[in-house]
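Contents: one structure, followed by commentary.
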Amino acid sequence: MMSEEQPINTHTIAALVDNEAGVLARVIGLFSGRGYNIDSLTVAEVNEDEHMSRITIVTTATPQVINQIKAQLQRLVPVHRVVDLTVETDSVERELALVKVTGKGNDRVEALRMSEAFRARVIDATPESFVFEITGNTAKIDAFIGLMVPLGLQEVSRTGVAAIARGPERM
Amino acid sequence: MSEKLTGAQIVLKALKDQGVGHIFGYPGGAVLPIYDEIFQQEDIEHILVRHEQGATHAAEGYARSTGKCGVVLVTSGPGATNAVTGLTDALMDSIPMVCITGQVATHLIGNDAFQEADTVGITRPCTKHNYLVKSVDDLARIIHEAFHVATSGRPGPVVIDIPKDIQFNLGKYVKPETVRHKTYQPQIKGDMEAIKQAVDLITSAKKPLFYTGGGVINSGPKASQLLREFVKLTGFPITSTLMGLGSFPSADNQWLGMLGMHGTYEANLAMHDCDVMINIGARFDDRITGLLEKFAPNSKKIHVDIDPSSINKNVMVDVGIVGDVAHVLEDMLRVYKSRSSKPDAAAMKAWWAEIEGWRARKCLAYTPDKKSIKPQYAVERLYELTKGGDTYITTEVGQHQMWAAQYYRFEDPNRWMTSGGLGTMGYGIPAAVGVQVAHPKSLVIDIAGEASVQMTMQELSTAVQYRLPIKIFILNNEYMGMVRQWQELLHGGRYSSSYSEALPDFVKLAEAYGATGIRAETPDELDDAIKKMIATDGPVIFDCIVTKDENCFPMIPSGAAHNEMLLADDQGLDVEVSDAGKAMV
């Protein structure tokens, strides 16, 4: 097989599914059962009238495996559409993170200064802690979290990637 | 239809409207309302099995031999978990099946109630789709949808889990015609551009080969007919997977026999050397490809499959065509006929000369024995004494299964029922029960091994109860033969737990069940014993005592290529297998 020679890339895949019991389990079971990676996964209802949810999965694999993932997802009965946003579209991606940092003195001032540079918001504060809310693409959030490590990073909660194609067309 | 029905009544009405004639099942607390409805009607016959696994395999045999959907009814908890093997088997071999499972009452779900199991959770990875019915008003729609999903596209098993309270509740019935699925729409017609590209490759081929699989059978009799026409028209050689046997007649000179791990020398070498491979309804399973790096290295590959995820899964192909075999073949034939260019006749002649050279190797030849019955001889005689008749063959899993595939010859589709993908020992008897239910007048034979057959032997009782005259033809070598063969090849002949110790007396066992037992121990008594079996009006266990140490050849050892296969008459199993090969199954 040629897969060993193929490059491994990160792809963002969006799937529109019926919002019915077990649909997320089907998707996750497919990934674990066939040994595919999940770097991040988000799911929420996006169309109340038609009870449809959108699942956004970030995964890392060879092109052959990415095609398999798409075909396997498409094969699930409650799945309406699957789009590889990385390959098939020009897309925008955002992720939200809540970042808890504790510290005093200079570290605390530095953390606040950095948060302003990254346009993070303070959504909770005590004399020795901050909780920052930051939105951006994955790389930006990774960078911010990296900077917070020496300044007293305690805890991170991330939503995973939400993504959508640019332009007027709908999925 | 404004009148309200109970959930149990809706189940029976929906099954009837789906044209169901037989259900294979086993009652229990959580399906009693449905069994009560079965009791009060006569359109659908219920076949009571002895174990839920038997119900699933019987439904598979029924489905595979008729092209219809097999239907299973089992209770909650252990009823459902016992069905899991058959569901997985049906998923692997793409067999249409609807399995209704009872479930504890809705308000008890999640409370660890008596005989509760998370059936939709357990069966999610082993079904094509599954449903937990939450309202009686959804029930009819779900049943109709389940039949649609099970039988269309790439067929497979569908589970409907029905809580007991839903079976009692009153609800509305809807007819099958009113049910349309919004997302599930399998592609039937192939892409014309791809079909034209495929024909380009076919007409320019110098060493072509048809490689066909279970998809041809699943597509229906018309697919086999079109395949025959196309193969005749092109003059190309054809081979098939285990699951595809019967789609092309084995009596035809263009037929090279089965390919793969225990396929023929000519089929495997043709596969290795071909320049254009036309895969129709097969899925490049590892039993077929052997070592992927060395698989048909110089070939352009065409792949027709109804399941888009089968294409480029194991093997990258040059032309992938998503669609139903019969539809694609029809278009392909039309395009082929319209072309003025045809395959190079001189090249074809040279290719056939090469193939005839491989064929002359007579890879299925074996050394006959005067004293003991060779298993190959037993299957050959069984074939000779039943050929031309209205016969269906099922098998268990192991050496006997491969000998059946090699030495029994099939001329028509739907006559061969075997567990291919999952390799389920114990498949044969219940599958034979299912086939015989669908074809009461036909001769149904389970070619079995003495080890496999004990896994579902209790279904003989089902056969006796319903007067199903199935014949269980056991090739008894007192070993789990395939396990022993691999231990000989890979583990220094240390036969760890592969000897069939403490075997029952199969003749007495048959009699204990109220069936007939026949034994043959020498070649000279074999024919008469087989004739007696065929003439017996009722189920038979035939205990055919065969040579104990016979191995199944040809064989591509794991981790080897098609042109590295082992033949019975040269070195036997005396080869070195690489560590990577040993790790493969």
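A few comments on the model shown:
- For the peptides B:78-84, B:578-584, B:200-206, residues were scored by their other Cβ atoms within 10 Å and the scores averaged per peptide; the highest-first order is B:78-84, B:200-206, B:578-584.
- This ranking places B:T386, A:T12, B:T394 by how few other beta-carbon atoms lie within 10 Å of each, fewest first, which gives B:T386, A:T12, B:T394.
- Under conditions of 25 °C and 0.890 mPa s, chain A yields 137 µm² s⁻¹ as its translational diffusion coefficient, taking Rh as the Kirkwood radius over Cα pairs in the Stokes-Einstein equation.
- Chain A: angle of helix A:63-75 to the longest principal axis, Cα-based, in degrees nearest 10: 70
- Zone of B:K222's modelled label, taken as backbone nitrogen in the stretch B:169-205 under 14 Å from a point 7 Å along Cα→Cβ: B:188-190
- Counting, for every residue in B:309-317, the Cβ atoms of other protein chains within 10 Å of its Cβ and taking the mean gives 4.
- B:E501 paired with B:K16, simple spin-label distance in nm, labels 7 Å along Cα-to-beta-carbon: 5.5
- Cα centroid separation - the stretch B:140-215 against the stretch A:82-141, whole Å: 47
- Cβ-placed point charges (K, R +1; D, E -1), dipole of the stretch B:338-454 about Cα centre in debye, nearest 20: 380
- Separation of alpha-carbon centers, the stretch B:227-297 and the stretch B:55-78, rounded to whole Å: 30
- 5 angstrom amide H check on B:V72, placed H, neighbours 5+ away: B:F24, B:V98, B:C99, B:I100
- Relative compactness, the protein assembly as shown, computed as alpha-carbon Rg over 2.2 N^0.38 Å: 1.07
- Candidate aspartates and glutamates for bridging to B:K548, where Cα separation is under 14 Å - those fewer than 8 sequence places away on the same chain excluded: B:D369, B:E450, B:E478, B:E488, B:E501, B:E521
- Annotation: peptides B:508-519, B:416-427, ranked by per-residue average of other Cβ atoms within 10 Å with the highest first, follow the order B:416-427, B:508-519.
- Entries in B:K134/B:K222; B:K301/B:K582; B:K232/B:K582; B:K222/B:K301 that, when Cα-Cα distance is taken, lie over 30 Å: B:K134/B:K222; B:K232/B:K582
- Radius ratio Rg over Rh of the stretch A:95-171, counting only Cα atoms, Kirkwood formula for Rh: 1.08
- Nitroxide proxy distance, nm - points 7 Å out along Cα→Cβ at A:R170 and B:D579: 5.8
- Average partner coverage of A:67-73, which counts Cβ from other chains inside 10 Å: 4
- Take the Cα of A:N106, step 7 Å toward its Cβ, do the same at A:V122, and the gap between the two points is 2.0 nm.
- In terms of packing, defined here as the mean over residues of other Cβ atoms within 10 angstrom, the peptides B:187-194, B:48-55 line up highest first as B:48-55, B:187-194.
- Normalised alpha carbon radius of gyration of chain B [divisor 2.2 N^0.38 Å]: 0.98
Any read-out appearing in this document is the output of simple, stated calculations on the displayed coordinates, not a laboratory observation. Since the model is a prediction, treat every value here as computed from it, not as a measurement. Cβ coordinates were reconstructed from backbone atoms using ideal geometry, including for glycine residues, and neighbour counts include every protein chain displayed.
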